[in-house]
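K.L.:
I'd like to ask some things about the structure below.
The values are calculated or read from the model by the stated rules, or taken from the named source; none is laboratory data. No experiment lies behind these values; they were computed from the predicted model shown. Neighbour counts are summed over all protein chains in view; Cβ atoms, including those assigned to glycine, are modelled from backbone coordinates with ideal geometry. Keep in mind that these areas ignore ligands, DNA and RNA; they rest on the heavy atoms of the full protein, side chains included. Shrake-Rupley method; radii C 1.70, N 1.55, O 1.52, S 1.80 Å.
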Amino acid sequence: MRLCEALKEHTAYGYYPAHMPGHKGNPEYSFLGDIIKYDITEIDGLDNLHDAEGVILESEKHAASLYGVKESHFLVNGSTVGILAAILGVTVQGDKILIGRNCHRSVYNAAEINKLNVRYIYPRIMKDIGICCGIRGEEVDEILNDDPCIKAVIITSPTYEGISSDVSGIAEAAHKHGAVLIVDSAHGAHFGFHDRFPESAASQGADIIINSVHKTLPAPTQTALLHINDVNGVKVDKERVRKQLRIYQSSSPSYLLMAGIDNCIRIMEEHGKELFDRYLINLTDFEKRADKLKHLCVAGKRRFLEEYGIEDADPCKILICHRQFNNIKLYDILRSEYRIQPEMEADKYCLLIMTVMDTEEGFNRVINALECIDELVGNDATDFYCPEEQAEYGDGSYGRSINDILYGSRPVKIMDAYEAVEKKSENVYLEDSVGRISSSYINLYPPGIPVLVPGEEISRDMSEAIGRALNRGLKVRGITGNKEIKVHG
Ligand SMILES: Cc1ncc(COP(=O)(O)O)c(C=O)c1O
């Protein structure tokens with residue numbers, strides 16, 4: 001029996017809950033109504049996430065079989081906890097690792113916890129728009145040839161914007177040098193289910209893969225999976241990884257979340273094909289209409305792909321920009337005029353995510369709005385440009401993409417982050433920070449990729465680009481009171 005069934009069966013049986021949680025499944029005052037009764041804890045028959053041997057193990061086996069891996073673990077604290085467990089499970093204090101500079105904050109946190117010596121690999125940037133390209137196998141091979149003591153390689157594929165790396169080439173390079181390949185595939189839980197989507201990182205030979213099922217599949221927020229592949233790769237000490245999961249996951253994992261993962265796996269097993277077929281019809285219609293837009297560029301990825309030699313991108317990430325890469329308030333307009341909440345905005349683009357659970361009506365709503373905006377941009381463009389950018393770049397060029405500067409610069413590393421965070425620090429105004437060493441992580445959120453890491457020198461370009469991002473209203477984490485940055489004292 002699997003978790004979902006066991007949970008339903010237990011709830012229907014009518015036990016009086018003389019146990020945690022304190023809400024007792026009593027709907028009085030519950031904003032979830034009757035659903036609260038399924039929020040149960042580890043009791044007889046419902047297994048234990050940290051030592052799974054019953055219904056949770058059975059459900060995890062289904063997940064492993066669906067993804068074609070040796071073992072899968074349910075995560076109730078997102079890919080974040082999976083990334084921590086994976087890195088801490090394959091390294092010991094002081095090890096050297098190679099990470100894509102565009103990795104999520106959790107990768108940096110793991111490096112800090114284990115006092116790891118970090119070397120970066122910098123993805124190329126699509127300059128016009130400021131998004132990171134994928135990483136190639138040869139690039140990783142070159143670094144590993146130069147630095148044979150690197151123990152693990154960690155990359156993000158696909159990225160937040162849906163750009164995949166050459167995972168099979170990177171796996172080959174890593175394995176040739178005896179390094180473990182961990183792929184943060186938080187955004188790729190839906191890969192491998194249909195040939196219009198890129199192959200999964202697991203099928204391309206990564207050793208540990210982390211998927212946020214909540215991001216692109218029908219599963220509740222916070223749910224994710226950690227897979228261990230064990231095929232032709234470097235041997236991963238599975239018990240060490242499991243131990244890290246026991247350390248970093250709650251000892252009271254939510255059964256609503258775990259049953260949500262189980263249900264998601266079942267949906268993909270039983271209805272995956274029909275869901276993807278329906279989805280592809282909607283997506284194709286959407287793309288056909290998007291291709292006809294005059295001022296907005298939606299299906300632009302195809303052009304970007306060709307220009308930057310990227311093999312694979314995820315069609316579920318709908319990246320919208322102005323054809324001339326002018327800076328427009330698309331995010332605000334979609335929200336305020338059309339009641340469409342995008343996933344994120346950057347200075348030159350806006351990102352929407354459309355998954356297998358979006359209906360034909362949902363797709364139509366989005367493309368109808370984009371068609372209207374496209375027409376309005378053509379009629380009276382001025383309303384659509386960001387004022388602060390116009391003021392700063394009155395020549396109409398609207399400047400170089402903030403993202404391009406932030407993600408494209410390679411700050412000089414003076415010391416590793418774990419050393420820098422221990423040092424005395426002070427807050428200074430951003431404009432006074434040039435030449436100082438950062439004591440904190442600065443990142444745009446989303447996507448939560450650090451543009452500045454503790455221990456790195458702050459350049460003028462970086463300081464100015466952070467200032468511009470703040471003026472532009474982008475969410476910059478790590479800056480105090482919108483103007484101060486923590487630097488070494
Ligand atoms: C690339 C990437 N990796 C990891 C994460 C963390 O995933 P989660 O929110 O499931 O913890 C995110 C979150 O947005 C992400 O964008």
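K.L.:
Taking into account only those residues within the stretch 6-50 that are basic (Lys, Arg) and under 23 Å from Asn263 (Cα atoms), which is surrounded by the fewest Cβ atoms within 10 Å (Cβ to Cβ)?
P.N.:
Selected residue: Lys8.
K.L.:
Can you name the helices (runs of 4 or more DSSP H) wholly within the stretch 320-408 that have at least 1 residues being open to solvent by 20 Å² or more (accessible area, probe 1.4 Å), more than 27 Å from Asp277 (Cα to Cα) and at pLDDT 80 or above?
P.N.:
330-338, 360-379, 402-408
K.L.:
For the condition within 15 Å of the ligand (Cβ to nearest atom), in a strand (DSSP E or B), open to solvent by less than 10 Å² (accessible area, probe 1.4 Å) and in the same structural domain as Val180 (by TED's automatic domain parsing), what is the one hit in Ile135, Ile154?
P.N.:
Of the residues listed, the single one that is within 15 Å of the ligand (Cβ to nearest atom), in a strand (DSSP E or B), open to solvent by less than 10 Å² (accessible area, probe 1.4 Å) and in the same structural domain as Val180 (by TED's automatic domain parsing) is Ile154.
K.L.:
In the stretch 69-79, what residues are of a type in the set (S, T, N, Q), within 14 Å of the ligand (Cβ to nearest atom) and buried (at least 23 other Cβ atoms within 10 Å of the Cβ)? Working first, answer last.
P.N.:
To start, the set of residues in the stretch 69-79 that are of a type in the set (S, T, N, Q) comprises 72, 77, 79.
Subset that is within 14 Å of the ligand (Cβ to nearest atom): 77, 79.
Within the stretch 69-79, Ser79 is the sole residue that qualifies.
K.L.:
Does Asn229 satisfy the condition of being farther than 16 Å from Phe74 by Cα and more than 16 Å from the ligand (Cβ to nearest atom)?
P.N.:
Answer is no for this residue.
K.L.:
Criterion first (touching a Lys or Arg at 6+ places or on another chain (Cβ under 6 Å) and in contact (Cβ under 8 Å) with a residue 60 or more places away in the chain) does Asp230 satisfy it?
P.N.:
yes
K.L.:
So His214 passes all but one of these: (1) open to solvent by 10 Å² or more (accessible area, probe 1.4 Å); (2) in a helix (DSSP H, G or I); (3) away from the ligand (no atom under 14 Å from the Cβ). Which condition number does it fail?
P.N.:
(3)
K.L.:
Residues of the stretch 96-110 being open to solvent by 10 Å² or more (accessible area, probe 1.4 Å) and under 17 Å from Ile247 (Cβ atoms), which ones?
P.N.:
Asn109
K.L.:
Ok, one more. So which pairs qualify, if the first residue must be in the stretch 242-259 and open to solvent by less than 20 Å² (accessible area, probe 1.4 Å), the second must be of a type in the set (Asp, Glu), the Cβ gap must be under 7 Å, and the two must be at least 6 apart or on different chains?
P.N.:
The qualifying pairs are Tyr255/Asp39.
K.L.:
Tell me the residue from Ser65, Ser59 that is in contact with a Lys or Arg (Cβ under 8 Å, 6 or more places away or on another chain) and more than 20 Å from Glu239 (Cβ to Cβ), please.
P.N.:
Residue meeting the stated conditions: Ser59.
K.L.:
Pick from the stretch 166-211 the residues that are among the small types (Gly, Ala, Ser) and within 11 Å of the ligand (Cβ to nearest atom): which of them is farthest from Val153 (Cα to Cα)?
P.N.:
Quick first cut of the stretch 166-211, residues among the small types (Gly, Ala, Ser) only: 168-169, 171, 173-174, 178-179, 185-186, 188-189, 192, 200-203, 205-206.
Checking the rest, the ones that are also within 11 Å of the ligand (Cβ to nearest atom) come to 185-186, 188-189.
Details: Ser185: 14, Ala186: 16, Gly188: 18, Ala189: 20 Å.
Across the stretch 166-211, the extreme among qualifying residues is Ala189.
K.L.:
What do you reckon, is Ile208 surrounded by 24 or more Cβ atoms within 10 Å (Cβ to Cβ) and in contact with a helix residue (DSSP H, G or I) (Cβ under 9 Å, 6 or more places away or on another chain)?
P.N.:
Yes.
K.L.:
Just to verify a result, which residue in the stretch 138-151, among those that are part of a loop (DSSP other than H, G, I, E, B) and touching a residue at least 40 places away in the same chain (Cβ under 8 Å), is most open to solvent (accessible area, probe 1.4 Å)?
P.N.:
In this case the residue turns out to be Cys149.
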